[in-house]
There are 4 protein chains.
Amino acid sequence: MKPVCLVIGAGAGIGGNVGKRFAAGGYHAVLCRRSDEEGLQQLVAEIEAAGGSATGYLLNAVEQGSIEERVAAVEEEIGPVEVVIYNLGAQIGDRPLADTSYKAFEMGWQLATFGLFRTASAVCPKMEERGKGVILVTSATAAVRGNAGQHSHAAAMGGRRMLCQTLNAQFSRKGIHVVHVLIDGMVDAPDTLGKMLGPELFQDLRKQRGGEQDGLMLPEQMAETYFHVAHQHRSAWTHELDLRAFSDLAWWNH
Amino acid sequence: MKPVCLVIGAGAGIGGNVGKRFAAGGYHAVLCRRSDEEGLQQLVAEIEAAGGSATGYLLNAVEQGSIEERVAAVEEEIGPVEVVIYNLGAQIGDRPLADTSYKAFEMGWQLATFGLFRTASAVCPKMEERGKGVILVTSATAAVRGNAGQHSHAAAMGGRRMLCQTLNAQFSRKGIHVVHVLIDGMVDAPDTLGKMLGPELFQDLRKQRGGEQDGLMLPEQMAETYFHVAHQHRSAWTHELDLRAFSDLAWWNH
Amino acid sequence: MKPVCLVIGAGAGIGGNVGKRFAAGGYHAVLCRRSDEEGLQQLVAEIEAAGGSATGYLLNAVEQGSIEERVAAVEEEIGPVEVVIYNLGAQIGDRPLADTSYKAFEMGWQLATFGLFRTASAVCPKMEERGKGVILVTSATAAVRGNAGQHSHAAAMGGRRMLCQTLNAQFSRKGIHVVHVLIDGMVDAPDTLGKMLGPELFQDLRKQRGGEQDGLMLPEQMAETYFHVAHQHRSAWTHELDLRAFSDLAWWNH
Amino acid sequence: MKPVCLVIGAGAGIGGNVGKRFAAGGYHAVLCRRSDEEGLQQLVAEIEAAGGSATGYLLNAVEQGSIEERVAAVEEEIGPVEVVIYNLGAQIGDRPLADTSYKAFEMGWQLATFGLFRTASAVCPKMEERGKGVILVTSATAAVRGNAGQHSHAAAMGGRRMLCQTLNAQFSRKGIHVVHVLIDGMVDAPDTLGKMLGPELFQDLRKQRGGEQDGLMLPEQMAETYFHVAHQHRSAWTHELDLRAFSDLAWWNH
């Protein structure tokens, strides 16, 4: 039986590509995303066509019990979750305070902070019992610095980062490897950046900075590092690392 | 008419003492706390006995609209809020993940993160219009590092810190001074530390580390620094500073 | 006998103004700078005209034994050094690696890092014996992030910051208050910014951003905060704080 | 012709093991260390026995011109340096300020900061011309927090970290990948930890925390991560990551 890699937030960007990478590396990928059943099934099909195995679920992470029930069902029906990729983003673009509703602020927290807490609450007891497990958390620049218009996003991601540290503090010695992956740049992802910019701007940006220029981060390449850290020997674990394109400045330089 | 200093979280520790300091410095102190009407009125009486002026309100900050209505009423009935002291804590002691309920996790966010967002949403438009204002935010070590058992507190305070940075990024140039005060140690405060430890342990600790030993942070002394940074000239503003007792190690050393 | 405030790097910007502030606050200011005897004597004269007391010395800090001998002489001839303001800068402007000579790199370290180590080695034993003392260290954005062209400056200031933390870790509980003051912006100082930009650019900048605009940091205002933290009660000490103009972005936002 | 991986500081711990890993991965390893010709030749022999290729040199890094000449000679005689592993440590154990000589303080800087600057000055122009190169810098907890007794080490490592950031800011877009690897724990290395503790304590520690317990970091495992980051696609580069044993607390938790 293959170990399970559960991806929460398996769109066409980081989540989907990390799922593919783990499937290629011998895992059964369980792919969860909020919408787009068609895209989800296509992802499963691609993984299977490449000789891997995967299952896809639509999952509304902010719905009460949704993550918890999915974890329980996967553990019972598919197998032990060895790796979780927590990949829900909460970027809503730059909005001044006056344009950031209470609802938008709370939604950021639901997706970026509370959802991770619920996920950890569901998987950590099982991983602790088994003495091993990996939780890879995709994070953002906003986790380490607040910028204008990022009220919701930065508060949510700052909370996410501190939560990763508390999880690590409690569970590292129990064999659970928690990793905070700080994505410091724009990812070539149609579902997130693409939606935020709209199709035209996104294609323009890809022309200018994508492909050979590598100015957009390529999710299939990022996936290699996710896979690597998930397989570090336990005497040499990484808790935090950043990822950005060579052509970009680090967040502390702009 | 005196300028108003609004203290949200005006217990017998930092909040109350900062309120006193601003009252002594010419402000009308508006003191809000969740419970203990008697303690609240005593604080008001002490300020008045010392020649200052103050008003006290019981305020349940997590109640919908509570902060917003209080701000509106103060602005209308008392005067423009020039300084806000956001002093709600969210420390619930060290609890393993399994003992941290969803409710406790959410409560941390309500008090430490969302409450500040709501407060800022209420006061910033007024301060921006007037071209000046100060928001002093009491924060904790947990805002910069997660420690075992601090799942709720660290996530909440990490979010608070990033929110302070986003507020600063938007409002500093509008004349609003946002300060993140990182309290890195135990405060000699009966309402918070006292309640967490219980009366006996708290008195023992005070004997060992309080008073002359200065091993507990004295809130009336901390208040001096709150008052100072609130009055820095706008060409030399502090956004973040730490406070700890001389006898204590910095958080990065233990 | 007045307590002594020793300023190492007492030009017309931060150092001189902090010296004035401490003199006004009851200290005998000992002002040391590398050159400009005339400017130095003028500073002493201004302090005396305002009713304070001061002594000025030319001091080449990179000269072997220079700081050590000055400290010893001051202690013997004037009185115990209660406060040290270590204010030597090491900014040489942005230079690509190829234009940063070994000598320039070493000079940065000499001024920013090693000079502070030598100063601390000279004053800490005396302060420890007396059970009190304050070391205020002026630092820069480069202490927390390296930027293009800042090879020498950032390495030197990064070392300075870590040195402040080690000094604090050893000496805080002995009653020595070490403060790392992170200056995150351009200071209205003819000796440093003025020299770096040249007189014309400097005057242009002052017209655009100085005076009423407060876009340049006013050293006489910064001095108020230096004086405040030097007099915090030992139960509530600040180790690190930042200072910037309200009109400027924080370093993490640009 | 194989690409060259130049290791400065190739002892029996991280440096030697990283050298082996790169040799196994198709590089010609150039191994430099200060002393122990025998150990050096044994390392070369091991690499060759495993089918790799390597050359060893004794190199006194603090000697004027030593690094520069070695880089030039390697480029001329062996081939283009594609990867540099800068692995010189500067830990001298905990020493109070009074026991930290000026010489010890300077030596820390020479090894940890200036040596890297000299190395970068030698290799960056060549790497920039070729449009690619990797500089992996082994660093330590002391780069991010000063602790009691770490006066020399923390100042040196703090400078090293900021230097890595300035190098990255200038050279990343030129195709040079600079990585700051923060080693946050004790490494199972006879040359460094072994020498610091002495043979008996070191063996005791290995019994308690080594091998199966994985409480000491295993350098051959750390080498896997060095190799991985050196081969990240340029659209997804890591600049900073930490490494510690699962059984250890992160530096911010103790």
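Among (1) in contact (Cβ under 8 Å) with a residue 24 or more places away in the chain; (2) closer than 25 Å to C:A12 by Cβ, there is one condition C:S66 misses while meeting the rest; what is its number?
Looking at each condition in turn, C:S66 falls short on (1).
Restricting to region D:1-35, give me the number of residues that are of a type in the set (D, E, K, R), free of Cβ contacts under 8 Å to residues at least 60 places away in the same chain and surrounded by fewer than 24 Cβ atoms within 10 Å (Cβ to Cβ).
Going through region D:1-35 one residue at a time, the tally reaches 1.
Given (1) part of a helix (DSSP H, G or I); (2) within 10 Å of chain B (Cβ to nearest Cβ), where does C:V181 come up short, assuming only one miss?
Status for C:V181: all satisfied but (1).
Examine region C:63-70 for a residue that is hydrophobic (A, V, I, L, M, F, W, C) and away from chain D (no Cβ under 14 Å), and state whether such a residue exists.
Looking through region C:63-70, none of the residues is hydrophobic (A, V, I, L, M, F, W, C) and away from chain D (no Cβ under 14 Å).
Considering only residues that are in a loop (DSSP other than H, G, I, E, B) and among the small types (G, A, S), look in region A:148-177 and name the one that is surrounded by the fewest Cβ atoms within 10 Å (Cβ to Cβ).
Checking each candidate, the answer is A:G175.
Facing chain B (nearest Cβ under 10 Å), within 14 Å of the chain's Cα centre (by Cα) and in contact (Cβ under 8 Å) with a residue 12 or more places away in the chain - does that describe any residue in region A:99-111?
No, that holds for no residue.
Between a first residue in region B:151-162 that is within 7 Å of another protein chain (Cβ to nearest Cβ) and within 15 Å of A:G115 (Cα to Cα) and a second residue that is in a helix (DSSP H, G or I) and of a type in the set (S, T, Y), which pairs have beta carbons less than 6 Å apart while being 6 or more apart in sequence or on different chains?
Here the result reads B:H151/A:T166; B:A155/A:T113; B:A156/B:T113; B:G159/B:T113, each pair linking region B:151-162 to a residue that is in a helix (DSSP H, G or I) and of a type in the set (S, T, Y).
Answer yes or no as to whether C:F117 is over 15 Å from the mean Cα position of the chain (by Cα) and either among the aromatic types (F, W, Y) or at pLDDT below 95 (or both). It would help to see each step written out before you state the result.
Numbers: over 15 Å from the mean Cα position of the chain (by Cα): no; either among the aromatic types (F, W, Y) or at pLDDT below 95 (or both): yes.
No.
With the requirement that a residue be surrounded by fewer than 16 Cβ atoms within 10 Å (Cβ to Cβ) and either more than 21 Å from C:F171 (Cβ to Cβ) or of a type in the set (F, W, Y) (or both), what does region D:95-115 give you?
D:Y102, D:K103
So B:G215 fits all but one of (1) modelled with pLDDT of 95 or more; (2) within 29 Å of B:A23 (Cα to Cα); (3) in a loop (DSSP other than H, G, I, E, B); what number is the exception?
Of the numbered conditions (1) modelled with pLDDT of 95 or more; (2) within 29 Å of B:A23 (Cα to Cα); (3) in a loop (DSSP other than H, G, I, E, B), the odd one out for B:G215 is (1).
For region C:127-147, check the following and say yes or no: at least one residue is part of a loop (DSSP other than H, G, I, E, B), of a type outside the set (K, R), at the interface with another protein chain (Cβ under 7 Å from one of its Cβ atoms) and crowded, with 21+ Cβ neighbours inside 10 Å.
Yes, region C:127-147 has at least one match.
Give region C:110-126 a look and list any residue that's under 15 Å from C:I92 (Cβ atoms) and either among the hydroxyl-bearing types (S, T, Y) or not in a helix (DSSP H, G or I) (or both), or say none.
C:T113, the sole residue that qualifies.
Could you tell me whether any residue of region C:78-91 is loosely packed, with under 15 Cβ neighbours inside 10 Å and of a type in the set (D, E)?
No, region C:78-91 has no match at all.
I need a count of the residues in region D:24-56 that are closer than 19 Å to D:D191 by Cβ and of a type outside the set (K, R).
Residues in region D:24-56 being closer than 19 Å to D:D191 by Cβ and of a type outside the set (K, R): 19 in total.
So D:R173 clears everything in (1) more than 17 Å from the chain's Cα centre (by Cα); (2) more than 16 Å from C:G146 (Cβ to Cβ) except one condition, right? Which one?
(2)
Table: residues versus (1) part of a helix (DSSP H, G or I); (2) within 7 Å of chain B (Cβ to nearest Cβ); (3) touching a Leu at 6+ places or on another chain (Cβ under 6 Å); (4) surrounded by fewer than 19 Cβ atoms within 10 Å (Cβ to Cβ).
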| site | (1), (2), (3), (4) |
| --- | --- |
| C:A189 | no, no, no, no |
| C:M196 | yes, no, no, yes |
| C:E200 | yes, no, no, yes |
| C:Q203 | yes, no, no, yes |
| C:K207 | yes, no, no, yes |
| C:Y226 | yes, no, yes, no |
| C:H233 | no, yes, no, yes |
| C:D242 | no, yes, yes, no |
| C:F246 | no, yes, no, no |
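Which of the strands (runs of 3 or more DSSP E) found entirely inside region A:18-104 contain at least 3 residues meeting this: touching a Pro at 6+ places or on another chain (Cβ under 7 Å) and not charged (D, E, K, R)?
Those strands (runs of 3 or more DSSP E) do not exist here; none qualify.
Working only within region A:112-126, note down all residues that are within 11 Å of another protein chain (Cβ to nearest Cβ) and either without any contact (Cβ under 8 Å) to a residue 40 or more places away in the chain or basic (K, R) (or both).
Hits for region A:112-126 are A:F114, A:R118, A:P125.
Considering only region D:82-98, state which residues are within 11 Å of chain C (Cβ to nearest Cβ) and either hydrophobic (A, V, I, L, M, F, W, C) or within 20 Å of C:S152 (Cα to Cα) (or both).
D:L97, D:A98
Of everything in region C:218-234, what is closer than 14 Å to C:G16 by Cα and free of Cβ contacts under 8 Å to residues at least 12 places away in the same chain? Give them in sequence order.
C:Q221
Provide a single number: the residues in region A:209-224 that are crowded, with 17+ Cβ neighbours inside 10 Å and at positive phi.
1
The values are calculated or read from the model by the stated rules, or taken from the named source; none is laboratory data. Given the structure is predicted, the values throughout are model-derived calculations rather than measurements. Glycine gets a Cβ as well: all are built from the backbone with ideal geometry, and neighbour counts include every protein chain shown.
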